[in-house]
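Below you'll find the structure, written out as structure tokens, and then a few comments.
Nothing in this text is a laboratory measurement; each read-out follows from the coordinates by a stated rule. Predicted, not measured: the structure shown is a model, and the values here were computed from it. All Cβ positions, glycine included, derive from the backbone under ideal geometry; neighbour counts span all protein chains shown.
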DNA sequence: AATCGTTGTTGACAAATGTCATTTATCTTT
DNA sequence: AAAGATAAATGACATTTGTCAACAACGATT
């Protein structure tokens, strides 16, 4: 199970994440006092859809997936890496998590008290605006995902997922896919078998090479084209 | 084209919409000074995806649809009626609209200056919290729509759309469908023909009756069941 | 009433996609 | 190294869904 540790300070995250840059030293200190660090092994659940959300979560090491648990299947909304924080929309509505989060790699995360956070949102308009801006960016990303998942065929959706993984998540090419094929399928809204098949087709067409979990995108333009034409 | 009018006052909306209840009289007055009313005929576009968004919009009469323009198809996010306001996530990010809005019935709307609005969000923490709360509620609704559109089959999706229309939009049963079949399809992420076919099946199975654009849901439980089982 | 354009409806068909069963690879544990 | 568990890959098939073409209904205009 998860182990408690208490190593870093909020000032560390302040150096890395733009959200906390809007906080003053005393405000950071307040936040620091109302947080604790937890470590998770790969596969462990960080929080579960439907449960109360007294804390929000800030990934300091490793990687997490956030996903909606639907009807038997999961829909992965995104992969979160250091130093990004995960706040569900529930914190201002019903204090429930509206999606689950679990570690896809061994990870550590800060759990920050939501009430402290909301208090700072009230007191510091710059912080509030930055929070709203983040929230808005997330919504815009969701819209794109909405279009991808509802209007594109499988090839376009896998292309979108590969671009996302290479450029937003692992930020390199070639990259090692640390998520499973099932996760790739859950990210693209299709069955695991279909995801595997399309990956194979892309390989046969010379768009990418793959050896085990290492994927090298050879023809980024082609991938973009497939993404845009559905 | 749209005609300008200047009839009501923000205080009117204050009586109807919970968002503005958090504003003081002087604040409402400020908002009132930075708004104007516009009327739209059915079918007219209120704002267009990709264009700048110097104003947000508050529907005071009629009904609007908000929709993402995707690859040839539209995805309807929701139907907006008085007194609800439409703010895109772009106002805090890139000052662009990330979806389009158009009148599905003859409508009037207030266009409120975004800068004034953001100023009030900074100054009035209660108002800011209420804004965030609304935004969050919208995100939660989007999650449900996400699951509906990506994990349910057509019958489940039409069931969801019918429940939404009957209970959230028209708020009565029977109700007159003022949107087209194409709109119903865009709301459910499928082709117009498929939407029509499923409506017919529901009719044959006695779940509803329909005469022209009037729909009467006879078996709400069955509809719920179809929604839940996909 | 006749015409035209739009929207709604239907049927036949093709394409996309999921499901199931089976095999292969990979990794861990013994 | 052997065994077992898990993940990945493949093939056959059924189902879901979209597309296309034709037609009917409706409203607006002449």
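Going by a ≥ b ≥ c, the root eigenvalues of the Cα gyration tensor, does segment B:84-126 fall in the rounded group (a/c under 1.5), the prolate group (a/b larger than b/c) or the oblate group?
Taking the square roots of the gyration eigenvalues as a ≥ b ≥ c, segment B:84-126 is oblate.
How would you classify chain A from its alpha-carbon gyration tensor, with a ≥ b ≥ c the square roots of the eigenvalues: rounded for a/c under 1.5, else prolate if a/b is greater than b/c, otherwise oblate?
In terms of gyration-tensor shape, prolate.
Can you tell me, using C-alpha contacts under 8 Å and at least 6 residues apart, the relative contact order of segment A:152-229 as a whole percent?
40
Please give the calculated 222 nm ellipticity per residue for the protein assembly as shown, where each DSSP H segment of at least 4 residues contributes -39500 (n - 2.57) and the sum is spread over every residue; nearest 500 deg cm²/dmol?
Helices in the protein assembly as shown give a 222 nm mean residue ellipticity of -13000 deg cm²/dmol.
Between residue B:214 and residue B:194, what FRET efficiency comes out of the Förster formula 1/(1 + (r/R0)^6) with R0 = 30 Å and r the beta carbon distance, rounded to 0.05?
0.90
As I understand it, the value is the acute angle between the Cα axis of helix B:114-123 and the longest principal axis of the Cα atoms of chain B; what does it come to in degrees, rounded to 10?
Helix B:114-123 sits at roughly 70 degrees to that axis.
By counting other Cβ atoms within 10 Å of each Cβ, how are A:97, B:216 ranked from fewest to most?
So the ranking, lowest neighbour count to highest, is B:216, A:97.
State, to one decimal in nm and shortest first, how far the label point of residue B:33 sits from each corresponding label point in the other identical copies (label point: 7 angstrom along Cα-to-Cβ).
4.1
Counting other C-beta atoms within 10 Å, which of B:45, B:132 has the fewest, and how do the rest follow?
Arranged by neighbour count, lowest to highest, B:45, B:132 become B:45, B:132.
For a test of the definition: using alpha carbon positions, the gyration tensor, and the 1.5 limit on a/c, classify the protein assembly as shown as rounded, prolate or oblate.
Oblate is the answer for the protein assembly as shown, as a/c is 1.5 or above yet b/c matches or exceeds a/b.
Compute the long axis of helix A:192-204 from its Cα atoms, compare it with the longest principal axis of the Cα atoms of chain A, and write down the angle in degrees, 0 to 90, nearest 10.
Approximately 60 degrees, to the nearest 10.
So what is the relative contact order for chain B, in percent, with contacts set as C-alpha pairs under 8 Å and at least six apart?
After rounding, I find 19 percent.
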